[in-house]
1. Sort 48-60, 73-85 for me by packing, meaning the mean count of neighbouring Cβ atoms within 10 Å per residue, highest on top.
2. Just subtract the alpha-carbon distance of V26 and L124 from 0.36 nm times their residue separation and send over the number in nm, one decimal.
3. Post the alpha-carbon centroid distance, the stretch 70-127 to the stretch 141-169, in whole angstrom.
Amino acid sequence: MSVPTSCPACAAAWTVPDSLSADSIVCPSCGVTTSPAKRAATEQDRFYCEWEDPKLGMFAGYWTAWWRALFHPDDFFARLPRTTGLRPPTTFALMTAAQIYAPAAFVGIVVGTAFCALGTDEALSSWGFLILGSVAAIGLLLAPLSIAGLWVLTLVYHAGARLVGGSGRISDSYRVLAYSWGAFTLKLIPTVGPLLSLAAHVSQGLHGFKHLHRISMFRALLVIAIPAVALFALLTAAIVCAILLLMQNPVVLDR
């Protein structure tokens, strides 16, 4: 029987035979000596995430983890487990996406139903069915689109983390982004919600990349800034190209 363990220095994960779990083992990745048995005993106290604790249940686990990630991001990501797989962060991100979509879906269902029930002509009823169909289609596509978007962002930010000297794995970048998605629920606050959610998301990303990639806060800031600057540069270049094309080929309106 094998015992899962991980290196305290580089976070590399592997398994060792149960008969050797009490012995000192040399990490095959970085060469640091560790004891799997002692490591397992200390990891349970050192690494902890409420969402990944089955004793708390789904709702208590989600909101407790959401609260700690929002108001204590440094402690949350410092203690975030590294070896529990991708399922917990994925379900956390999907829970967040569902909450953000729920109010819009509710309004769409109410308006669509009202158009269908109270419509005095065929056109109004058609609009009602179109709204209800759109709500259903977005609901069905919410999970795959959310996961796909999360992985695209992971690839972009992980490349930035490696560029500035980060040593984490791509799964670590995925965990940072998935758990920092919880900040987007603040968008539901009227007026200031989008600004608050963006600030909280950036704060969580900074602390997450700092701890899971073992880099300084300044380098974590570069990880967040590089994709934003690159996107701004691409949009600026596209706008300039469009303007130049219009200047070379002006549109003449027929009178």
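Just so you know, all these numbers are worked out from the coordinates, no wet-lab data involved. None of the values given here were measured: they were computed from a predicted structure. Here Cβ is always computed from backbone atoms with ideal geometry, including for glycine, and neighbour counts include all displayed protein chains.
1. 73-85, 48-60
2. Here the answer is 28.2 nm.
3. That distance is 21 Å.
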